[in-house]
1. I'd like the residue in region 149-189 that is more than 18 Å from Ile7 (Cβ to Cβ) and within 16 Å of the ligand (Cβ to nearest atom) and, out of all such residues, is nearest to the chain's Cα centre (by Cα).
2. Answer yes if at least one residue in region 242-258 is closer than 22 Å to Ala175 by Cβ and of a type in the set (A, V, I, L, M, F, W, C), and no otherwise.
3. Which of the residues belonging to region 59-70 are more than 11 Å from the ligand (Cβ to nearest atom) and aliphatic (A, V, I, L, M)?
4. Condition check: among the basic types (Lys, Arg), over 14 Å from Phe161 (Cα atoms) and at pLDDT 95 or above. Does Arg238 satisfy that?
5. With the structure loaded, tell me whether Ala137 is touching a Gly at 6+ places or on another chain (Cβ under 9 Å), away from the ligand (no atom under 16 Å from the Cβ) and in contact (Cβ under 8 Å) with a residue 60 or more places away in the chain or whether it fails that test.
6. So which of Glu73, Glu82 is among the acidic types (Asp, Glu) and within 8 Å of the ligand (Cβ to nearest atom)?
7. Pick from region 229-241 the residues that are crowded, with 17+ Cβ neighbours inside 10 Å and not basic (Lys, Arg): which of them is farthest from Phe155 (Cα to Cα)?
8. State all residues of region 96-125 that are assigned to a loop (DSSP other than H, G, I, E, B) and more than 7 Å from the ligand (Cβ to nearest atom); if no residue qualifies, say none.
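The values are calculated or read from the model by the stated rules, or taken from the named source; none is laboratory data. Quick caveat, the model's predicted, so the values are computed rather than measured. Cβ coordinates were reconstructed from backbone atoms using ideal geometry, including for glycine residues, and neighbour counts include every protein chain displayed.
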Amino acid sequence: MSGQSYILGANDHELARLAFQHEVWSGPTRELLERAGVGPGARVLDAGAGPGHATALIRELVGERGRVVALDEAERWRSVHEARIRGAGWSNVEFRVTELERAELHAGTFDVVYLRWVLSFVREPVRVLERLARALAPGGRLVVHDYNHEGISLFPESAGFRAAIRATRAWYARAGGDTFVSGHLPHHLRAAGLEVVEHLPRVLCGGPDSPAFRWAGAFFPHYSQQMVDGGLLAPAERDQFLREWAERERDPDSMFFSPIVTGTIARPRI
Ligand SMILES: C[S@@+](CC[C@H](N)C(=O)[O-])C[C@H]1O[C@@H](n2cnc3c(N)ncnc32)[C@H](O)[C@@H]1O
């Protein structure tokens, strides 16, 4: 692990949560990747790949003639990648443990660099973007898939849920992250020598049985304990949140809206 303190950790809970998260968001992910030019033969860098669910989707899209390199700072994910690569018999997928801030990449070697839910955790996003952009081949695209955390909401409204959201944003921010990074991207991209090609925003929503609702249920009840431990959420607020969340889960008329998740496609500024 790096000197940075990645707040969600690399553990079995996060492995299961990221798998489910990928399932919930795989439609918008595929759409964005295809839009950015990830197709047969493409060379793609999955930066901050975690256990590699997007890596596997990218491999499906680029096929045998393409190439996929997945990077993550967590050694924990190596065995997950290696088992998948071995099981599928892929010869053109590789996983490397590295911090993005220090990744050694050959210049001009990737058609697409993809970061999904990574930049919101990074202390120096411009430094990371600059480094990754150097690895783009002529005509290449850098794609950031991340949050503008506005819009996340639960109905009937819940003061406990609102407290958990406030604490989540503060938790990311205290570790140097930014839950609103999508809104700050034009600045970060410009400072890194890139320019926006297009933004593809998506929101998911639904009732208690919907994938969107269950996705939130895999995050907030679990991680709210760490927010309490870190002094960002009062124990009474967490109790209220858990009680109201359980009530909404039983209420067929309740409704959850995700934050705005935006896929931003960028290219080097000429
Ligand atoms: C929320 S997970 C997303 C994983 C994957 N991109 C996905 O969408 O399933 C964020 C990942 O970014 C990695 N990460 C965060 N900061 C990093 C950094 N500075 N360098 C390398 N990896 C980093 C974490 O280890 C974690 O695996």
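1. Ser182
2. No, every residue in region 242-258 fails to be closer than 22 Å to Ala175 by Cβ and of a type in the set (A, V, I, L, M, F, W, C).
3. Result: Leu61, Val62, Val68, Val69.
4. Spelling it out, it is not the case that Arg238 is among the basic types (Lys, Arg), over 14 Å from Phe161 (Cα atoms) and at pLDDT 95 or above.
5. yes
6. Details: Glu82 fails: within 8 Å of the ligand (Cβ to nearest atom).
None of the other options fit; the residue is Glu73.
7. Step one: filter region 229-241 for residues crowded, with 17+ Cβ neighbours inside 10 Å, giving 232-233, 237-238, 240-241.
After this cut, where a residue has to be not basic (Lys, Arg) as well, the list is 232-233, 237, 240-241.
On the way: Leu232: 23, Leu233: 21, Glu237: 18, Gln240: 15, Phe241: 13 Å.
By that ranking, first place goes to Leu232.
8. Ala103, Glu104, Leu105, His106, Ala107, Gly108, Thr109, Arg123, Glu124
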